[in-house]
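A short write-up of the structure that comes next.
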Amino acid sequence: MHHEPKKSSLSSAAAQNGVLFGTAVCSSDLLSQPITRAILGNCSIITPEYELKWDAVCRVQENLEYSAADQLISFAADNALAVHGHTLWWHEAVPQGLQMTSDKQFREAALNHLTSTAARYAGQLHSWDVVNESLELDHGRRDGLRETRFLAAFGPDYIEIAFREAALLDPNAILVLNEMGLEYDSPAAEGKRRQMLALLEREKARGTPIACLGVQSHLTALEQPRDHPDFRRFLREVRAMGLSVMITEMDVSDHLCPRDRKQRDAIVAETYRSYLELVLAEADVLAVSTWGLSDGRTWLNGFRPRLDGAPQRPLLFDRAARRKQAWHGVRDALLSGRQTGSELSGLRIGTD
Ligand code: XIL
């Protein structure tokens with residue numbers, strides 16, 4: 001497979017600051033030569049978009065099916081790509097057959113899935129989203145935790161339980177608490193940032209082995225501010241706690257943008273550039289991943305459809321896997337980002 005020359009590669013731009021660049025990949029992406037070429041030419045880490053989720057692995061009651069995940073992990077190994085595991089416990093990926101079980105049965109199934117999956121891939125993954133989207137302030141709890149089956153069955157200790165089990169089974173994986181909406185500019189988002197800091201402090205105090213905060217970064221063009229003092233402060237507080245950050249699912253919805261393609265692409269590109277420059281300046285970033293590479297396959301056409309019905313253009317490559325302005329916006333930010341963490345530690349080795 002022909003690799004793009006390294007000079008025009010996001011992974012080599014990222015490596016200048018000791019950062020991995022990657023994207024979410026699903027099995028069907030590998031059937032497309034242009035997409036596969038764009039992955040190999042730009043990425044040093046990939047995230048299975050579906051294949052490692054509980055409801056993908058556990059299709060029929062109890063029997064765990066890993067062949068799709070294995071295919072992606074073999075592809076990564078064959079091409080010297082790291083793999084970010086997504087995600088062990090997430091309320092939106094509970095297998096259908098387990099929705100109505102007793103708490104005891106749910107606990108057993110959830111622990112069985114986590115231990116079987118973490119053990120199966122031990123030593124093969126760069127990192128894991130051990131728990132995903134644990135906060136939901138609208139649920140009214142003082143601790144801000146989302147009311148999920150995991151919370152109901154295990155109690156608030158479910159986060160500690162998950163991370164301790166994962167650390168036991170895969171001591172080399174970087175264990176990530178992944179969250180959405182921490183990057184938005186609203187009173188609700190500021191409340192969520194405060195609750196996340198309190199949660200991280202509580203978990204740290206009880207010795208929960210969380211090494212890294214995952215910031216999903218599903219941004220909206222024309223809503224995401226160019227500068228963002230509250231978010232800067234939050235990232236600095238996360239770094240002060242000794243935690244690194246991964247940008248885990250970055251994309252820029254253009255559903256508020258004018259229809260004109262040139263205008264949309266320019267606004268999306270600038271949103272990526274300014275956001276990423278801010279994060280790289282304030283956090284010890286391990287990896288930056290977009291949620292897909294090409295506009296030809298983005299979850300946003302379902303999640304955030306444009307009112308005019310035009311397909312979204314949220315990613316770095318167009319439907320024909322050609323680089324867009326957003327690719328240059330990300331590349332410029334990756335080259336300019338000051339990495340405080342890696343400079344200080346000097347320990348991280350760039351991938352190239
Ligand atoms: C999304 C997928 O991209 C969609 O195709 C699927 O229908 C739902 O899940 N936060 C996450 C991801 O952590 O797992 C979600 O991925 C997007 C939001």
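Descriptive notes on the structure:
- Whole-Hz ³J(HN,Hα) from phi, Karplus 6.51 cos²θ - 1.76 cosθ + 1.60, for region 301-314, glycine and proline x: 5, x, 7, 9, x, 6, 5, 8, x, 5, x, 5, 10, x
- Set against the 2.2 N^0.38 Å expectation for a compact globular protein, the chain has a Cα radius of gyration ratio of 0.94.
- Spatially close lysines, pair count over the chain: Cα under 23 Å, gap of eight or more or interchain: 5
- Accessible area per residue, Å², the chain with all protein chains present, probe 1.4 Å: 41 Å²
- Gaussian network model of the chain, Cα within-10 Å springs - most flexible of 307, 175, 335: 307
- Sorted largest first, extent of region 154-311 alpha carbons per principal axis (Å): 52, 31, 27
- Taking amide hydrogens as placed 1.01 Å from N in the peptide plane, the amide H of residue 47 sits under 5 Å from those of 23, 24, 25, 84, each at least 5 positions away in sequence or on another chain.
- Since only 291, 113, 57 are under comparison, the one whose Cα sits farthest along the positive direction of the charge dipole of region 6-351, derived from C-beta charges on Lys, Arg, Asp and Glu, is 291.
- Once backbone amide H atoms are built at 1.01 Å from N, residue 250 has 289, 290, 291 as its partners under 5 Å, excluding neighbours fewer than 5 places away on the same chain.
- Here the extension length gained between residue 103 and residue 188 equals 27.5 nm, from 0.36 nm per residue of separation less the Cα-Cα distance.
- Cut-off under 5 Å, modelled amide H: who pairs with residue 125 long-range: none
- Vicinal HN-Hα couplings computed from phi for region 187-201 (Karplus, 6.51 cos²θ - 1.76 cosθ + 1.60; Hz; Gly/Pro x): x, 5, 5, 5, x, 5, 4, 4, 5, 5, 4, 5, 5, 5, 4
- Separation of alpha-carbon centers, region 208-235 and region 123-165, rounded to whole Å: 19 Å
- In region 193-234, the trypsin sites (Lys or Arg not before Pro) that fall in loop regions by DSSP, at most 11 other Cβ within 10 Å: 206, 226
- Rounded percent of accessible protein surface that carbon and sulfur make up, the chain, 1.4 Å probe: 52 percent
The values are calculated or read from the model by the stated rules, or taken from the named source; none is laboratory data. Small disclaimer: the values here were computed from a predicted structure and weren't measured. Positions of Cβ are backbone-derived with ideal geometry, glycine not excepted, and every protein chain shown enters the neighbour counts. Each accessible area value is taken on the protein alone, full model and side chains, heavy atoms only, with ligands, DNA and RNA left out. Shrake-Rupley method; radii C 1.70, N 1.55, O 1.52, S 1.80 Å.
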